[in-house]
Each structure stands twice: as C-alpha cells, then as structure tokens.
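Below: one structure, written as structure tokens.
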Amino acid sequence: MKFGKSVCILNVGGTKYALPRDVIKDFPLRRVSRLHNCASEKEVLEVCDDYDRERNEFFFDRHSEAFGFIMLYVKYGKLRFVPQMCELSFYNEMIYWGLESSHLEFCCQRRLDDRMSDTYTYFSEEDTKTEEDPRGNDELEQPATGRRGSAKWLERMRRTFEEPTSSIAAQILASVSVIFVIVSMVILCASTLPDWKTAENNSVEEHRYTESLEDPSGIIEAVCIGWFTAECIVRFIVSRDKCEFVRRPLNIIDLLAITPYYVSVLMTVLTGENSQLQRAGVTLRVLRMMRIFWVIKLARHFLGLQTLGLTLRRCYREMVMLLVFICVAMAIFGALAQLLEHGLDLEMGNEDYASIPAACWWVIISMTTVGYGDMYPITMPGRVLGGLCVVSGIVLLALPITFIYHSFVQCYHELKFRSARCTRSLSAEFLN
C-alpha cells in the first residue's frame, strides 16, 4: 500500500478494527490482505465499499457480528456459526472475506452440509474470485492478438473435450464417445459367449491377434481403440497443466483401458507362431478383460457417475468407519459361529463352519442380507446367533448411510450447478 497511514481502520458494519499496515500484508483473510497490494484509491474501492483517506479508514457494508466471529477465528483458529444466524448467510460472509467451508469446525461443517442439501444451494468460490479480482480478467484480455487468439482456441478445444455441456460440438463429441464405449462393451460381452467362441475357432484354425482385424469384431475393436487413443492425445495436448492431467483419476482409467490393446498386439508380434498359445494364456485374457475400464469412461458424460465418485472421495471417513464396523462384527460373529456349530462337537459338528475364515464368509452374506444358502447354521444356538447377526448387520450398515446420503445430495447439486453455470457462460459468450 503506497498511501495512507501506518495504521489501517477496518469499518465493518459500523464496528471498527485498527490494524497495523504490516499485519494487513499477511492477514489470513484474502480480502483484507489484498488492501496491502493496492496502489491507488481506485484499486482500494474495488476491494472495499468506501475509503476515507484522512483517517485511512476502509468501509465494508457487511454483517458486523459475522465478521466478529471471523476475527475470533483469526485470533484463536476456531470458526463457528453465529447463533441465531442462517448458516448460508454466514457462509456467504465467509466466502466474501476469503474463507472456505473447510475452515469451519467439524460440527458446523455438518450443519452447513445439511442446510445446503435441504435448500439445494451451492456457493461457487470461482464466481467469488471472479467478482473479487476484476483486474485479473482485464489483464487476461489485453495480450497480443495472436497469442490471445491461440489461447482462446486452446481454451475452446479444452472445453469441447472436457465439458460435454459446454457447446453443441462438445455434446456431439460426447455422444460419439458414449457410442464407442457402448459398442466396445457389447463386443467384449459377446466375445465371451460360447457360440461366438465356437464360430471363431471354426473360422480359422490358427488365429493371430493381429489377423483378427480382418474380422468385423477386430475391426470394430481397432476403430474404438483408435478413437479413444486420439481423444486422449488431443485432451493431453490442449490441457492447461500436463502434470495435473496425468494425475487425474479419469485420465489414469483411460490409460488403463487403452494400454492392454497395444500390449496384446506387442505380445503377439513378439511370440510369433505361438499366438494361439498366447491367446489362451492367462496374461492375454487378463489384458483383454481390462477393457471393462471403458465403462468408467462414461463418468465424463454422466452427472450421476461423477456424483458417485465425488461422494466416495468426500465420504472416505464414513466408508472406512463402515468397513471397521463390518470387520469387527465379522470377527465376533465368525468366532461365535465356529464355536457353536463346530467347536463344541468336533465329531458331529457342521463342517461348513470348520474354521473362523469360513464362518466369516457366512457372517458377511448374512449381515448384508444376501443369504446364498450355501452354508447355514443347523443348531439352535447357531440359528439364534444367525438372527442376531442379520439384525446387527442391518443396524450397522444403516448408521453411516445418513452422512453419505447428505454428501451425495450436496455433491449432486454442486456438480449440477457447475454444469448449469458452464452452459450459461457459453450461451452468453455465443450471444456476445
């Protein structure tokens, strides 16, 4: 800050806070720390609502009590909701000052998640950054004409391949990609049918993998792989950050789905006349079956699969807790079932429960209410234990469901909001 006094006064809704200029520089709130980099009053007014040069006072027309709680977070490191204040309103204040939901205490985060799920509301931090930093947008709009045109073209290409709802071309591209995924899955499933295998074996006695391209199924498979490979290469070229592109889970899945085909071709070329033996080998069958990863590629184009992945990522604590519940129940009920069904009478005992690991299989299918019927208790104590196992499984599995459900609803509306915002921005760009 190249103007004003050494002490800055923040006037938030009528409540004043005096802060030294050095403290302003590294202040935990982004909006306040931006004042230090302002070189003119015009830039100051882009951050605050008004400015008094004589008193070096910055005016913010915001909720004073909410800012008081935010200042308590700056001082003590704990952020909680203001009593008798709407959670969404307080969250809006947090975003304005540069905080995120992760800064809240865990109990308040749960309250915010429930509130946002009930009202189908999502506050976009990207929108806030855009509103708070108009200078950055102006600077991006002032490069050289050639560089600007190239960057704009790359950005349009990136959106076309990464955001299926961004334009008509992106929707067409996504539809074609989905069609290729469906066709490849149909070919993969059909290749395991007995009639398909019999016809294939009778057509050619010695069949090379590379020669399978002469068959319709081989041609379709090669076309699908070619499309997926070209799509992956183009998306890599137009991506902003190449390292980040490689680290994304969906891109890793694309690589796992494409690589087995080329590995199979390479193995066939190297084995030569032993292609029939290699074709029946375990390695090649595993590689061919890895094409099932293509199904996960649909997550790029369907909001439901994206919501599922985001929910699992955010609810990993609840998922771990659920697994711990199941493992503890398996250990307890498995040991008791083995004792009641086999351990008390070694001669006449139920051989299906000869070991605790075998009993654990019975526990897991009972707790999940699957009940294959391959093993079941025959003694009265064992049947009573089985009833307790089933009831306990229902209760244990239901405990984390509420948290996972609320997170799923929040993730769904968050992704839906982003998709709608992307569509609106592209429509506005097209109209302009």
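Computed from the coordinates by the stated procedures, all read-outs in this text should not be read as laboratory data. Note that this is a predicted model, so its numbers are computed, not measured. Neighbour counts run over all protein chains shown; Cβ positions are idealised from the backbone, glycine included.
Of note:
- Working ranking of peptides 352-363, 73-84 by packing, defined as the average number of other Cβ atoms within 10 Å per residue, highest first, is 352-363, 73-84.
- Remark on segment 354-421: ratio of C-alpha radius of gyration to 2.2 N^0.38 Å is 1.71.
- Charge context of residue 35, other residues only, Cβ under 10 angstrom, K/R +1, D/E -1: +3
- Gap separating the Cα centres of segment 382-416 and segment 1-67, nearest whole Å: 49
- Pairwise Cα inverse-distance average, inverted: Kirkwood Rh of segment 316-398 (Å): 12.7
- The rule of thumb for compact globular proteins, 2.2 N^0.38 Å, goes into the C-alpha radius of gyration of segment 25-111 1.17 times.
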